[in-house]
Amino acid sequence: MRQKIKKVFFYSFWLLRFSILTTFFLAITIPLRFSKKFKDLWIISERPNEARDNGYWLYKWVLENEPGINVRYVLSRDSSDYNKMPHKELLIQPNSAKHYVYYILSSFAVSTHMHGACPGKSFCIPFLPFMRRKKNVFLQHGITKDAVKFRGGLDAIIAVSEEEKELIERTNKNYKGKVYLGGFCRYDQLEDTSKNEKQKIILVMPTFRKWLRDIGRLKDADGMFKETEYFKRWNSIFNNKKVSDLLKKHNMRMIFFPHSEMQKLTHNFSTNDPNIKIGKPGEFDIQSLLKQSSILLTDYSSVLFDYIYMEKPVIYYQFDKQDFFTKHYTSSGKPYPFGDIFENEGDFIDELIKTVERKCTMKKKYKEEASSFYKYRDRKNCERVYTIIKGLK
């Protein structure tokens, strides 16, 4: 109960602050609406401290191929991605006065998260009628595989397959005709580099749980987290003798790097095996890990689709399936694709051993399924997405 009250106060304060600032900047930007400086302005973003996903690759493509486009990117100066960014004069500090002004005056707001280009995220929706008319584009940061309800106010959603498009439109009737098959911009740079690794990598990347992500704010967060099935199940894997023997025998290493929402609690996991690495928050670039690793162990994470795109094996450990599909998402009704699903640790580890002994290759039936899933594999996703957005005018 105390956790819920704190959450209500937190978001109430956030909404009040955002409302006051937005009202102020709406007023002072009225004269600027006629300025050429803000004509046809694009504002692109991911998370405030990231430039490595579909937003970054679209931004980079636009700068290199359409230099006439008036574009800005939202990124914190404290981001580990800041130094790699070209044209730093085009970067906007998140939640700054400039961020409010440029968002209000933008014609295209493009993000990997729903309304992510806005300083207040989805709190912007009631204020949209008072801003410069803009096209809000949701690039997505993962393929939609479950029956997820999307927030309102979006003009375009980018999908990668006919199956995904159909699922989004079936679950969200208000977006029928607004889901476009453009492909993920990051896929233009996605290629398997695992053969270059001296020590093959088994990547462990489970997703978050809505009912667990707020534990980190509580006083006894670590104690509470260690009592969860999520912790007990994954920590048991890192201390399983069969896993240690497998890594040693085949000169492999295992990296645990869960969803960003869970990373604040990863310090609770432990192992004595030098071949198992528990990743710290922000320690790795996800795209690099996906490319460098040879096997993916996950539960419900949509990173599986990036992996399958490279035709590498995925094994699912879904020990809390009933809770996940009642407390987190509603299932699409279809089993997770392209890999075997396990609820028992012993069976899960046995399949991992078989996959390693199969030289880390996909089973034939899953490889055939994956080959027909993606609409495009031509490395022209950035160009296609750019054309879709321009066509929304």
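Throughout, read-outs are computed from the coordinates displayed, never taken from laboratory work. The structure displayed is predicted, hence computed values, not measured ones. Glycine gets a Cβ as well: all are built from the backbone with ideal geometry, and neighbour counts include every protein chain shown.
Summary table below
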| read-out | value |
| --- | --- |
| Contact order relative to length of the chain, as percent, for alpha carbon pairs under 8 angstrom and 6 or more apart | 15 percent |
| Neighbour cut-off at most 12 other Cβ (10 Å), DSSP loop, trypsin sites (Lys or Arg not before Pro), the stretch 216-294 | Lys219 |
| Listed pairs Lys248/Lys375; Lys241/Lys291; Lys200/Lys232; Lys200/Lys390 exceeding 31 Å between Cα atoms | Lys248/Lys375; Lys200/Lys390 |
| Selected from Pro31, Pro129, Pro48 as most flexible by GNM, with the chain as the system and alpha-carbon contacts under 10 Å | Pro31 |
| Nearest-0.05 FRET efficiency for Phe130 and Leu392, computed from C-beta distance (R0 25 Å) | 0.80 |
| Sites Ser260 and Gln189, calculated FRET efficiency, Cβ-Cβ separation with R0 22 Å, nearest 0.05 | 0.60 |
| Computed helical MRE - 222 nm, the chain, DSSP H runs ≥ 4 contributing -39500 (n - 2.57), nearest 500 | -9500 deg cm²/dmol |
| Computed over the stretch 169-263, Cα set: Rg, Dmax in Å | 19.2, 54 |
| Loop trypsin sites (Lys or Arg not before Pro), the stretch 357-386 (other Cβ atoms within 10 Å of the site Cβ: 10 or fewer; DSSP) | Lys359 |
| Straight-distance crosslink candidates among aspartates and glutamates, where the alpha carbon sits under 16 Å from Lys219 and sequence neighbours closer than 8 are dropped | Glu227 |
| Taking the convex hull of Cα positions in the chain, its mean projected area over all directions (nm²) | 19.8 nm² |
| Positive dipole terminus of the stretch 292-393, leading residue within Met310, Phe325, Pro337 (C-beta point charges) | Met310 |
| Dimensions (Å) - the stretch 66-197, Cα atoms, principal axes, largest first | 50, 40, 27 |
| Modelled FRET efficiency - R0 35 Å, Ser80 with Asn272, Cβ distances, 0.05 increments | 0.75 |
| Shape parameters for the stretch 194-371, alpha-carbon atoms, Rg then Dmax in Å | 15.7, 49 |
| Burial ordering of Trp61, Trp234, fewest other beta-carbon atoms within 10 Å first | Trp61, Trp234 |
| Given Lys37/Lys98; Lys242/Lys277; Lys60/Lys178; Lys312/Lys364, the pairs whose alpha carbons are separated by over 21 Å | Lys60/Lys178 |
